[in-house]
Amino acid sequence: MATLPREEELTTRARAAQARAYAPYSQFHVGAALLCADGTIVDGCNVENASYPAGTCAERVALGAAVVAGHRQFVAVAIATDAPEGTPPCGICRQALAEFAPTLAVVAIAKDGRRVRWTLDSLLPFPFTPSSLET
């Protein structure tokens with residue numbers, strides 16, 4: 001996959017969000033930068049909780065913030081971690097993002113700056129979507 005639209009800016013924003021992550025339990029700090037169709041970028045970071053299932057991933061924090069701000073169309077997301085390889089969104093985040101942008105461009109940035117790119121539909125080929133609810 002080719003470079004994403006505004007990839008350098010998304011990468012910078014995802015790294016800045018990663019620095020703000022609250023991850024005292026896993027020590028796995030994640031930052032996300034979500035590019036909206038109108039050009040707005042919304043950041044998110046993971047927020048852990050002592051009750052582990054109550055934590056929230058960076059991608060869903062960014063998605064929620066974007067929706068609150070009135071955005072419903074998305075072009076790309078960048079995800080930054082300190083993992084040795086680019087880390088794709090988890091299954092729950094894939095499903096949440098697919099609700100709005102099933103073919104979203106995804107770039108994952110590893111600790112050393114290497115990047116891996118996918119489309120969301122390649123990571124989640126059969127999402128449960130609003131059309132799944134039609135009778």
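Only the coordinates and a few stated rules stand behind these numbers; no lab work does. Note that the structure is a prediction, hence the values are computed from the model and not measured. All Cβ positions, even for glycine, are placed from backbone atoms using ideal geometry, and neighbour counts span all protein chains on display.
The Rg/Rh ratio of the stretch 47-99, with both radii computed over alpha carbons and Rh defined as the Kirkwood radius, is 0.98.
When the alpha carbon coordinates of the stretch 1-134 are projected onto the principal axes, the ranges are 41, 37, 27 Å, largest first.
In the chain, the DSSP beta bridges split such that about 75 percent are antiparallel, to the nearest 5. Computed extension length for residue 27-residue 12: 3.4 nm, one decimal, from 0.36 nm per residue of separation with the Cα-Cα distance subtracted.
Taking a point 7 angstrom from the Cα of residue 2 along the C-beta vector, which residues in the stretch 62-100 have backbone N less than 16 Å away? It comes to 76, nothing else. Convex hull volume of the C-alpha atoms in the stretch 1-58, normalised per residue: 97 Å³. With r as the distance between the Cβ atoms of residue 126 and residue 19 and R0 = 35 Å, compute the FRET efficiency 1/(1 + (r/R0)^6) and round to 0.05. The value I calculate is 0.50.
Charge dipole (Cα centre; +1 on Lys/Arg Cβ, -1 on Asp/Glu Cβ; no other charges) of the chain amounts to roughly 160 debye.
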